[in-house]
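Take a look at the structure below.
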Ligand SMILES: [Zn+2]
């Protein structure tokens, strides 16, 4: 039931729709009413930067791992055993190393897991949850939401949540869209099915309220950024992206982001992928970031759900 559309795209994977569809190549004809309507569908509301963090700490650290493994390739139609193996390294090597580091430093994190990854290896999800980490929604098979009509997207969200609820034993409350790709309906659906927060958007450095048609959706956005995403700097695909920074340089960027967030008393949110960061020559970045955060004094480490709840309650 994919609604793929054709012709020029108005956004990232966004299929043309409605009265604009026949003049997407003439954006200068867009009326104020039209752009106001588009911008108003989903918009950033009140900034939710708290005056203080739990346990009298000065800033928050929220680590996340998008546990995509091989399903990104599956969803992309690349079934070559070699490419699938490249993703499977995340399960065999990445996650165990990451869990070991987090356990040694007694730091919680959030693992956003596509439901199919959880079905391929339920024990991995159980181990993640058993170590006290949060499990969050990350699509069914890591397909782009904007390819889906509303009913299909809703059904997939519910199905993925049921799988993760059952396997993790947790009540899933958080959502991160695959590839940060949101359909015009995604946020409304995430609110409708009763989740507490989304973590796919980039409108602010601090968490913020998400508005739907100008009204508070009840969802907190825990914002992401490409700047704080390991895959941007370190990922490789044959004929496509390739690492363009060394791990040391990536660490320096993350460290600068951490120090600036700490200085502002804000949250330092970081996104990593086990199959990208889990290499021997890279995984140390996680440990050094945790150690550096602790050395600054006043760090509070929380899951994305804990951050979302804290900022919402603080702003109430
Ligand atoms: Zn992903």
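The values are calculated or read from the model by the stated rules, or taken from the named source; none is laboratory data. Everything numeric in this text was worked out from a predicted model, so none of it was measured. A quick note on method: Cβ atoms are made from the backbone with ideal geometry, for glycine too, and the neighbour counts reach across all protein chains shown.
Numbers at a glance
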read-out	value
Residues satisfying the stated conditions in segment 122-144, i.e. within 12 Å of the ligand (Cβ to nearest atom) and either at pLDDT below 95 or in a strand (DSSP E or B) (or both)	136, 137, 143, 144
Helices (runs of 4 or more DSSP H) contained entirely in segment 221-304, each with at least 1 residues that are modelled with pLDDT of 95 or more, within 16 Å of the ligand (Cβ to nearest atom) and touching a helix residue (DSSP H, G or I) at 6+ places or on another chain (Cβ under 7 Å)	230-234, 274-277
Some residue of segment 16-36 being under 16 Å from residue 209 (Cβ atoms) and surrounded by 11 or more Cβ atoms within 10 Å (Cβ to Cβ)	no
All strands (runs of 3 or more DSSP E) inside segment 29-121 with 3 or more residues being under 20 Å from the mean Cα position of the chain (by Cα) and away from the ligand (no atom under 16 Å from the Cβ)	42-47, 59-66
Candidates 75, 21, 2, 60, filtered to the one that is at pLDDT 90 or above and over 24 Å from residue 203 (Cβ atoms)	75
Residue count for segment 177-201, restricted to those that are assigned to a loop (DSSP other than H, G, I, E, B) and within 14 Å of the ligand (Cβ to nearest atom)	5
Where residue 106 falls short, out of the listed (1) in contact with a strand residue (DSSP E or B) (Cβ under 7 Å, 6 or more places away or on another chain); (2) more than 19 Å from residue 174 (Cβ to Cβ)	(1)
Long-range neighbours under 7 Å by Cβ, at least six apart or interchain, first residue under 18 Å from residue 97 (Cβ atoms) within segment 67-81, second outside any helix (DSSP H, G or I) and within 12 Å of the ligand (Cβ to nearest atom)	67/111; 67/112; 67/113; 68/114; 68/142; 68/273
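Residues checked against (1) under 24 Å from residue 111 (Cβ atoms); (2) touching a strand residue (DSSP E or B) at 6+ places or on another chain (Cβ under 9 Å):
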residue	(1), (2)
211	no, yes
251	yes, no
255	yes, no
287	yes, no
290	yes, yes
